[in-house]
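> Just dropping this structure here.
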There are 2 protein chains.
Amino acid sequence: MNMKNRLIILTGFFFLVTSLPALAADPLPSWNDGISKQAIISFVAKVTKKGSPDFVPVADRIATFDNDGTLWTEKPLYIHFLGVIDYMKEQMEENPKLAEREPYKSVAGKDFTYFTELYENASYESLVSQLLGVPFGGLTKEQYEDWGRKFLAEFKHPKFKRGIKGLIYQPMLELINYLEAHGFTVYIFTADESAFLRLAAPELYGLPTQQVQGTSMRNEFITTKDGNAMLVRSYRMDYLDNWAGKPRLIEKVIGKKPLFAAGNSNGDQHMLEYAALSGGMSVWVHHTDDKREVAYDKHTDKLVPLTKSGEIMAIDMKKDWKIVFPAQ
Amino acid sequence: MNMKNRLIILTGFFFLVTSLPALAADPLPSWNDGISKQAIISFVAKVTKKGSPDFVPVADRIATFDNDGTLWTEKPLYIHFLGVIDYMKEQMEENPKLAEREPYKSVAGKDFTYFTELYENASYESLVSQLLGVPFGGLTKEQYEDWGRKFLAEFKHPKFKRGIKGLIYQPMLELINYLEAHGFTVYIFTADESAFLRLAAPELYGLPTQQVQGTSMRNEFITTKDGNAMLVRSYRMDYLDNWAGKPRLIEKVIGKKPLFAAGNSNGDQHMLEYAALSGGMSVWVHHTDDKREVAYDKHTDKLVPLTKSGEIMAIDMKKDWKIVFPAQ
């Protein structure tokens, strides 16, 4: 046997030995064995098996996940909104006159009618601009990110008494890793602001900022006389990433259809249908567990018929998950 | 020596032997030795050398390239526009009454005053909507892509008598590959429509669609009664990726600053300044070669002072490039 042949055999043996434990391990250890887990594993096997009629090349293995209520808890309120309210209260302490006008007035008076009215009247641009735009308008990208990082580092959940690392769904993190290990590129498409979630997602989920997409505020690009280039937040919403806005943004950013999608509410309906009706798999993270998290069905009525018809698959958090949050 | 040690040595030897030719080869063979080539190599060495004060981690090595006039020829007219005019002529053959109204009237009469007026009046949304929206409005994503792929496959350049593969700048393709080999993620940010360029860029430059960003038309997302999900092109411009729109879109899509940027006209000014003023390197592809391509200086007046001050570096196509187009 010459050196080259020996090398090939040795290298092959080496990879075989080091790969065996990985193959043997359960890739979704926090999922109970059952229909949901099996369906996910079967789907991934089907689209990644060379020669299979359902085989999809790596370049087209796109997965799109919602975030609030899909990857981390959204109750009692979006984590981001808890931060916005905090920030607005700080601003009112510095300048009490702010409380005389919206959006501060509603926060000061703890009466959110103004916001719910904007929502009911489909004035989404106004609603987002008031809540995500006004308090942070005029900050540079760096100033905003400094605020966001500080808030995220210090945040403790009012009910679960955990920081953000303890508020993600461990089974969903495993699902992200499982898909990535099978050649998927995983994106988040959140109705929340991508500029906020990008401060947390790389550490929480291992997803780089360019794989975190969502609602955006309009930034202005400025070059100053002293030779700096900067982005400055305006007060205006630029793009609302919810409902049909999700598939539209998927096309704008990626230009490909999702092969796998996950969401938890009506705002995800179109994204879930986009994947499901394009030969992909879509799952609805259904909040059924009032002991370990919060059971609720608000804004999910559009998903119920899609689950019944088999277009999308419901994940029952109570039945399907061994644990909800990561062990601490 | 036990088996494991022998394996390590053999494997190390194997990689050394196979890597040597790659290390020894000139990474930019179509570039003449000179200041431009050296500056690029020095910059990449500086930001990729561990321990260097200028070291940038792989995750932040973002490069952004313009396309028309930067990666492929844009004369006598954007390749895309030549296709749009072709398509509009086809439509007028089928329906001659179209020639009675804009934008067809201008194309039929070969008088582009209507378009130049829109441009001069800064009615960019109207201009883009008329040229890229109207002719293709109502087509599904798939129908549009079928048209685009067919056009690109059949296109022959009126002057250079080459198909699209022969119209890219070989030195710039080498630059893309060189940056990628050093951990950069390379994006295109074109003022043209990303939906069009995405049909060519994966094959031409090896860049997947999600790394091809640009101007976009508004798509509508529709689910049909027979169970299909589709995106349908509207007549409306959604986003104009030019001037300050480039850094704004870089932030929207990537969320990071570019470390390297390349462009060729005023529309790239803000993107070039964004990289240059953020500690990166920016280059201006200056069209100086009337023999091998076309020499022109239209819409470059904003770049001249930036080159003189040293903020950005001009690449002189005539002096700096051994060849312009790939050998055929």
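Bear in mind these aren't lab numbers, they're just calculated from the coordinates by the rules spelled out. Since the structure is predicted, the reported quantities are computational estimates derived from the model, not experimental observations. Note: ideal-geometry Cβ built from the backbone for every residue, glycine included; neighbour counts use all protein chains shown.
> Can you tell me how much longer the chain between A:GLU93 and A:ASN228 gets when fully stretched, taken as 0.36 nm per residue apart minus their C-alpha distance, in nm with one decimal?
45.4 nm
> Hey, another quick one. Please find the FRET efficiency linking B:PHE160 to B:SER309, where r is the Cβ-Cβ separation and R0 is fixed at 35 Å, and quote it to the nearest 0.05.
Efficiency at R0 = 35 Å is approximately 0.50.
> About the Cα centre of the protein assembly as shown, what is the dipole size in debye to 20, counting +1 per Lys and Arg Cβ and -1 per Asp and Glu Cβ, all else neutral?
Value, rounded to 20: 1920 debye.
> A:TRP31's amide H: which non-local residues (gap 5+, or another chain) put their own amide H closer than 5 Å, with H modeled 1.01 Å from N in plane and none for Pro or chain starts?
Counting only residues 5 or more places away or on other chains, the set is A:LYS322.
> What angle do you read, to the nearest 10 degrees and between 0 and 90, between the alpha-carbon axis of helix B:35-48 and the longest principal axis of chain B?
It works out to around 70 degrees.
> Further question: Looking at the square roots a ≥ b ≥ c of the eigenvalues of the Cα gyration tensor of region B:79-139, which shape do they give, rounded for a/c under 1.5, prolate if a/b is larger than b/c, or oblate?
Judged from the Cα gyration tensor, region B:79-139 comes out prolate (a/c at least 1.5, a/b above b/c).
> Give a quick list of chymotrypsin sites (Phe, Trp or Tyr not before Pro) in region B:229-328 that DSSP marks as loop, anything other than H, G, I, E or B, with at most 16 other Cβ atoms within 10 Å.
Sites meeting the loop and neighbour criteria: B:TYR296.
> Which ³J(HN,Hα) values, rounded to whole Hz and listed in residue order, are derived for region A:311-324 from phi using the Karplus coefficients 6.51, -1.76 and 1.60 in 6.51 cos²θ - 1.76 cosθ + 1.60 with θ = phi - 60°, glycine and proline given as x?
These are the phi-based 3J(HN,Hα) values: 5, 10, 10, 7, 9, 8, 4, 5, 7, 8, 10, 5, 10, 9 Hz.
> Report Rg/Rh for region B:96-179, rounded to two decimals, where Rg is the Cα radius of gyration and Rh the Kirkwood radius.
1.08
> How far is it, in nm, from the label point at B:ASN121 to the one at A:LEU77 when both lie 7 Å from their Cα along the line to the Cβ?
Distance between the two pseudo-spin positions: 4.7 nm.
> Then there is this: In a shell of Cβ-Cβ distance under 15 Å around B:ALA191, excluding B:ALA191 itself, what net charge do Lys and Arg (+1) and Asp and Glu (-1) give?
With Lys, Arg at +1 and Asp, Glu at -1, the neighbours total -4.
> Please give the net charge around B:ALA63, taking every other residue with its beta carbon less than 14 angstrom from that of B:ALA63, where Lys and Arg add +1 and Asp and Glu add -1.
-1
> A:LYS322: which aspartates and glutamates have alpha carbons under 15 Å from its alpha carbon, excluding same-chain residues fewer than 8 sequence positions away?
Answer for A:LYS322, where 15 Å is the Cα cut-off: A:ASP26, A:ASP33, A:GLU174, A:ASP289, A:ASP290, A:GLU293, listed by chain and number.
> Quick one: check the C-alpha center-to-center distance for region B:257-328 versus region B:76-116, whole angstrom.
Region B:257-328 and region B:76-116 have Cα centres spaced 31 Å from each other.
> May I have the extent of the alpha carbons of chain B along their three principal axes, as whole Å values ordered from largest to smallest?
Extents along the principal axes: 84, 55, 38 Å.
> Sticking with this one: Taking only Cα atoms, what is the 0 to 90° angle, nearest 10, from helix B:141-154's long axis to the longest principal axis of chain B?
The helix B:141-154 is inclined about 70 degrees to chain B.
> What's the angle, to the nearest 10 degrees (0 to 90), between helix B:3-24's Cα axis and the longest principal axis of chain B?
The answer is roughly 60 degrees.
> Defining the label point at 7 Å along Cα→Cβ, can you sort the distances from B:PRO76 to the same site in each other copy, shortest first, in nm?
7.0
> For the protein assembly as shown, just say rounded, prolate or oblate: build the C-alpha gyration tensor, square-root its eigenvalues into a ≥ b ≥ c, call rounded for a/c under 1.5, and beyond that prolate if a/b exceeds b/c, oblate if not.
It comes out rounded by the Cα gyration axes.
> At 7 Å along Cα-to-Cβ for each site, give me the label-to-label distance between B:HIS299 and A:LYS150 in nm.
Going from the B:HIS299 label point to the A:LYS150 one covers 4.3 nm.
> Of all the residues in chain A, which one has the C-beta that comes nearest the axis relating A to B, and what is the distance in Å?
Its Cβ sits closest to the axis: A:VAL253, 3.
> Same structure again: Please enumerate, by chain and number, the lysines with C-alpha under 21 Å from the C-alpha of B:LYS105, excluding those fewer than 8 residues away in the same chain.
Partners found: B:LYS89, B:LYS97.
> Provide an ascending nm list, one decimal, of label-point separations from A:GLU220 to the equivalent residue in each further copy; define each label point as 7 Å from Cα along Cα→Cβ.
Inter-copy label distances (nm, one decimal, shortest first): 3.4.
> Which of B:GLN269, B:GLN130, B:GLN143 moves most in a GNM of chain B, Cα contacts under 10 Å?
Ranking B:GLN269, B:GLN130, B:GLN143 by mean-square fluctuation puts B:GLN143 first.
> Quick one: with label points 7 Å out along Cα→Cβ, list the inter-copy distances for B:LYS105 in nm, shortest first?
4.9
> Still on this structure, I have one more. Mind putting together the pair-distance distribution for region B:201-259? All Cα pairs, 5 Å bins, whole percent per bin, short to long.
In whole percents, the pair-distance histogram is 4, 14, 16, 19, 20, 14, 8, 4, 1, 0.
> List the residues whose amide H sits under 5 Å from the amide H of A:ALA191, counting only those 5 or more places along or on another chain, with H placed 1.01 Å from N in the peptide plane.
A:ASN67, A:ASP68
> Another one. Name the lysines eligible as straight-distance cross-link partners of A:LYS318: C-alpha to C-alpha under 30 Å, and not fewer than 8 places from it in the same chain.
A:LYS37, A:LYS46, A:LYS75, A:LYS156, A:LYS159, A:LYS161, A:LYS165, A:LYS246, A:LYS291, A:LYS298, A:LYS302, A:LYS308
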